[in-house]
1. Placing +1 at every Lys and Arg Cβ and -1 at every Asp and Glu Cβ, with all other atoms neutral, what dipole size does segment 143-298 have around its Cα centre, in debye to the nearest 20?
2. Could you compute Rg(Cα) / (2.2 N^0.38 Å) for the chain, with N its residue count?
3. Express in Å², to the nearest 10, the accessible area of Ser400 obtained by rolling a 1.4 Å probe over the protein heavy atoms while all chains stay in place.
4. Report the longest stretch of the chain that contains none of the chymotrypsin sites (Phe, Trp or Tyr not before Pro) sitting in a DSSP loop with at most 11 other Cβ atoms within 10 Å.
5. Could you pull the accessible area for Cys447 with a 1.4 Å probe, rounded to 10 Å²?
6. Return the percentage of antiparallel bridges among DSSP beta bridges fully within the chain, rounded to the nearest 5 %.
7. Which whole-number percent is the relative contact order of the chain (Cα, under 8 Å, 6+ apart)?
8. Under the rule a/c < 1.5 gives rounded, and otherwise a/b versus b/c splits prolate from oblate, where does segment 385-425 land using the Cα gyration tensor?
Amino acid sequence: MASTDFYQDRVNHFQKKVREVDKTIRVYSIARVAVALIALALIYLGFKEALFFYPLPFSILLFFSLVQRQLKKENEREVLKHLIDLNRWEAAAVRYDFQNFSDGQRYVDPTHVYSHDLDLFGKSSLFQFLNRCATRLGENRLANDLAHLTLSKEAILLRQQAIRELGSMIEFRQECWAVGKQIHEVDFNLDSLWVWLKSANLFYRKRAFLILRWALPVITCLSLLANAFNPVFQSFFLLLFVVQLAIAAAYSKPITRLQSQLASYRSVLENYAKLFHQMGDQSFTATLLNQHQRIALEASTHVHTFSKLVNALETRMNLIARLFGNGLFLYDLHTVSRLEQWREQHAASLPKWTDSLAEWDAMLSFATFHYNHPNYAFAELNNQLALVANEVGHPLIPSSECVTNSFDLGNPAGLMLITGANMAGKSTFLRSVGVNFVLGLNGSPVCASYWSTPMAALRTGMRTADSLQEHQSYFYAELNRLHSIIEELRVGKPMLLLLDEILKGTNSTDKQLGSRELIKQLIQQKALVLIATHDIALGDMEQQFPEKVFNSCFEGKIENDQLTFDYKLNKGVAQKANATFLMRKMGIIPA
């Protein structure tokens, strides 16, 4: 069971491991200095006695071995540091302080059909609450999943199975996050890489370059070897050396352009290769996870190879390497050809690999949500247009404060008219329903003890804003939103519709008349509708359409000159108001 103490114990565990790794790093560092001094001593003594040169290669090999071992330990230390941060942040998140995680502000869209109304993105949003993605790819996929409910019923069930299994794999989940966070993908996207994948070859499969890049270096190296036996070959070698430099220089601009195009992807793709390796190294039972694992096993080696090829291309930035590499071997042509060969073999697969990584990385967020809230239910997917829920709350409200409610929408009445005073909980209830609907259709647990949901689109009308740029008033913007909803319903699209205080931009008489006519339209469509309103006069529509409309309400209590709310959903129409009481209480109007 996730708790603050549990995560703090993990912090302590990883801190202990960091101290152990630091000791090992110090040992390697001291050993490196000692071996370097020994190598220098051997060189010094070797000039006096040649026998001392014999152990020199072994000391050099030992030095580089120690360098590699220390680098590996330093990489391990960096991962452990990220694990410490993650578990500290998880300990805070258990207390509903999740501000350390990325908030997804870049995904905020005030015109979206529901995400802005439900606070899915931005500071203190659902995205920030959920986000445990290791990569920017995963974050993009998580955001897309929350904003576009496109999964089929079969896909949702497969994802539920995968999230359940991933939920129990805390070591794997956290290791992925820590490895992913070694790369800071600020403003990172793959657009330039996709462009290169579709580009024409510069050298690969062109016969003239195939012969040139192999024949010239062979002849040049043979002339250099011959020069050791006969100085007459020196001029011939120098000529070939210059010719190869000239050929490399002739293609320097397109090669430099290619290097610039791919350079930013080397470390990121190497990081992806590590994540693919992590995925491939696990044992799964869930069907969806096994599918992703097969892709990861295929991708791991090939993505790592691509990263190494890009790194090899970057080596040309070293002037000495560039001079002798091209002068002797036409290094640039060989490196670009190998990259183009890789592209020909794997260009079609790379998008599949990155899409797979994005999907299972996004699922790690839902899996952590499941682990931290094991009492939350997974959605039951029904074939009727009905939404049945028990003990529903908002996942972002601390459990100690969260008041839950149960309801049955669509059996048979599909339109719930919710009345209540200001601050009674109407809007929060609508958002609770909307957020859990989004979670349920993503295969995630929902903040409820039971949740049976239809496969339907989601639309909201809660925060419609005016637009100076489009010369659009608030009222006209709201009408446009309602028009788009009605048009979608008229083509037969099943929908869950959440509306909060509709038609606020007109007078009360017009608002009531318009609301009645809109309700009459909505009950004729394939829709489940929740409408929150202060207009208690609309309550008589339950009598007009008893099989279509039913009333619910949130009530406040005034006792001992204090206003309180229990935030519980009740049957019927609200009877109490609080505006006059509060205005008197605050001294705005006479008591």
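1. 680
2. Working: Rg = 32.8 Å, N = 591, 2.2 N^0.38 = 24.9 Å.
Normalised Cα radius of gyration, the chain: 1.32.
3. Only protein atoms counted, so the area is about 110 Å².
4. Details: sites that count: Phe47, Phe229.
The answer is 230-591.
5. The value for Cys447 is about 10 Å².
6. Working: 16 of 40 bridges.
Just about 40 percent of them are antiparallel.
7. Details: 875 pairs, mean separation 83.7, N = 591.
The normalised contact order for the chain reaches 14 percent.
8. On the way: a/c = 3.39, a/b = 1.45, b/c = 2.33.
Cα axes put segment 385-425 in the oblate bin.
The values are calculated or read from the model by the stated rules, or taken from the named source; none is laboratory data. Model, not experiment: these values are computed from the prediction. Ideal geometry is used to build each Cβ from the backbone, glycine not excepted, and the neighbour counts take in all protein chains shown. Please note that ligands, DNA and RNA were not included when accessible areas were found on the heavy atoms of the full protein model with its side chains. Shrake-Rupley method; radii C 1.70, N 1.55, O 1.52, S 1.80 Å.
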